[in-house]
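The values are calculated or read from the model by the stated rules, or taken from the named source; none is laboratory data. The structure displayed is predicted, hence computed values, not measured ones. Using ideal geometry, Cβ is built from the backbone for each residue, glycine included, and neighbour counts are taken over all protein chains shown. Accessible surface is based on the protein model in full, side chains and every heavy atom, while ligands, DNA and RNA are left aside. Shrake-Rupley method; radii C 1.70, N 1.55, O 1.52, S 1.80 Å.
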Amino acid sequence: MKPILFNFTDAELVDFIAHMGQPKFRARQIRDWLDRGAPDFDSMKNLPAELRHDLDACAQTLPVRVLKKLESSDGQTTKFLLELGDGEQIESVLMRTSYGNSVCVSSQAGCAMGCKFCASTLLGLKRNLTVNEIYSQILCAQWELRNNRMSQRPIRPNGDANNGDVSHIVVMGTGEPLQNTQNVIGFIERANSDMGIGWRKITVSTCGIVPGIKDLTQWGRPINLAVSLHAPTDKLRSKIMPINNKYKIADVLDAAFEFSELHNRQLMIEYILLAVRGANGEPELLNCTSEYAEKLSDLLRGKNCMVNLIPWNTVDEREFVSPSGNAVHRFQDILIKNGIHTRIRRERGNDIGSACGQLRLNNANGIK
Ligand code: SAH
């Protein structure tokens, strides 16, 4: 395994460079490139070609290496399949939107939560990511934004080029962030201090680990919290999300609203719309019947929250199907009638397997 220079302290970097017979100022030059997310030594244009070559032979720049980069056909979404120093693979997604550039990062290699609809958990949990491994996912996206012409396409409604830097972060990639809380907190602190990303532009999504939510409350930063609810009764939720056997809906919502009320923030509730294939081959609604819409409304009435309805992204290994567009709108209409804020999440990057762990899974299964 080659040493990863991004993980070195300044003193270690000077030392490393000195062993290659190089003066101290080279270490500063290399550090500048690393902080900008340089994916390889060849990009470090102010280093002599020979040194770039020698470094390439004996070291790696970042803790993540881009194995694959996929662009959606509309050019607004880029998905990265990244390899870590020990060969584990993770995914991250860059989304160029009208309000800025958002990056979805992974917090673990794999996931132990076992949600029945999700691709990320199919191969189990490999390990937690370090602060640097999470942080370098946004460096990769930043590099892409600054160095790839695709990123300068005008996509804002007023026709302005959206060529800014990373402005938003969602911790919604592979893994359960609140099983790796300290590193996720370390990552967010760093994104805020080193990249200047505001607390309110950062969202952590959890399947509902109550002690982890309490840790976030104690930490006290006014970030956004999202809870993956996906069912309004403990009976149904336990069937599709095993974590519900440990932490019940009422306790999860209590802890989550305590967090969001502390910062006067809206709690985001994620709700995937799931159907199963019925006996006659037609989709049979699972968690999105009118009855469940009423039950969900009862849970959330009067609370400061937004229900994000998410069309299920097909995962071949899973038995679910997506409900029809009509069923989705019927479900949403009931929430609206009951005064619950709700929106249907726009699907992004569907053509590049951008949903939740598909790329990593396909790669592991040998699908190109
Ligand atoms: N473990 C965290 C964050 C990662 S999952 C959590 O559970 O929130 C991010 C979101 O994607 C969650 O709401 C998750 O339930 C959802 N998701 C997982 N698989 C999906 C799929 N196939 N289609 C749509 N959303 C999915």
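So R96 fits all but one of (1) assigned to a strand (DSSP E or B); (2) of a type in the set (D, E, K, R); (3) open to solvent by 10 Å² or more (accessible area, probe 1.4 Å); what number is the exception?
The failed condition is (3).
Is it the case that the stretch 277-288 has a residue that's of a type in the set (A, V, I, L, M, F, W, C) and within 15 Å of the ligand (Cβ to nearest atom)?
yes
Which residue pairs have Cβ atoms under 7 Å apart, sit 6 or more places apart or on different chains, and have a first residue in the stretch 163-184 that is among the hydroxyl-bearing types (S, T, Y) and a second that is in a loop (DSSP other than H, G, I, E, B)?
Final answer for the pair search is S167/I197; T174/S106; T174/C111; T174/S120; T174/G357.
Those residues that are of a type outside the set (S, T, N, Q), surrounded by fewer than 19 Cβ atoms within 10 Å (Cβ to Cβ) and in contact with a helix residue (DSSP H, G or I) (Cβ under 8 Å, 6 or more places away or on another chain), I need them from the stretch 296-306; list them, please.
Answer for the stretch 296-306, where residues must be of a type outside the set (S, T, N, Q), surrounded by fewer than 19 Cβ atoms within 10 Å (Cβ to Cβ) and in contact with a helix residue (DSSP H, G or I) (Cβ under 8 Å, 6 or more places away or on another chain): L299, K303.
Residues of the stretch 294-307 being closer than 12 Å to Q266 by Cα and polar (S, T, N, Q), which ones?
Listed by number, the list holds a single entry, N304.
Condition (residue is in contact (Cβ under 8 Å) with a residue 12 or more places away in the chain, basic (K, R), open to solvent by 30 Å² or more (accessible area, probe 1.4 Å) and part of a strand (DSSP E or B)) applied to the stretch 126-138: is it met by at least one residue?
yes
Does at least one position in the stretch 263-274 carry a residue that is closer than 25 Å to A112 by Cα and of a type outside the set (A, V, I, L, M, F, W, C)?
yes
Looking only at the stretch 254-273, count every residue that is among the aliphatic types (A, V, I, L, M), open to solvent by 10 Å² or more (accessible area, probe 1.4 Å) and assigned to a helix (DSSP H, G or I) and tell me the total.
Of the residues in the stretch 254-273, 1 are among the aliphatic types (A, V, I, L, M), open to solvent by 10 Å² or more (accessible area, probe 1.4 Å) and assigned to a helix (DSSP H, G or I).
Considering only residues of the stretch 204-226 that are among the β-branched types (V, I, T), farther than 12 Å from D251 by Cα and within 10 Å of the ligand (Cβ to nearest atom), which is surrounded by the most Cβ atoms within 10 Å (Cβ to Cβ)?
Selected residue: T206.
For (1) open to solvent by 30 Å² or more (accessible area, probe 1.4 Å); (2) touching a Cys at 6+ places or on another chain (Cβ under 7 Å); (3) over 23 Å from A119 (Cα atoms), each residue gets a yes or a no:
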position: E284; (1), (2), (3): yes, no, no
position: C288; (1), (2), (3): no, no, no
position: E294; (1), (2), (3): yes, no, yes
position: N308; (1), (2), (3): no, no, no
position: W312; (1), (2), (3): no, no, no
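Give me a count of the residues in the stretch 163-203 that are farther than 22 Å from N308 by Cα, outside any helix (DSSP H, G or I) and open to solvent by less than 20 Å² (accessible area, probe 1.4 Å).
3
Count, please, the residues in the stretch 20-36 that happen to be within 13 Å of I4 (Cα to Cα) and either in the same structural domain as Q142 (by TED's automatic domain parsing) or part of a loop (DSSP other than H, G, I, E, B) (or both).
Final tally of qualifying residues: 0.
Those residues that are within 11 Å of the ligand (Cβ to nearest atom) and open to solvent by less than 20 Å² (accessible area, probe 1.4 Å), I need them from the stretch 314-332; list them, please.
Hits for the stretch 314-332 are V315, F320.
Which of (1) of a type in the set (S, T, Y); (2) modelled with pLDDT under 95; (3) more than 21 Å from the chain's Cα centre (by Cα) is the odd one out, the single condition S43 does not satisfy?
So the condition that S43 fails would be (2).
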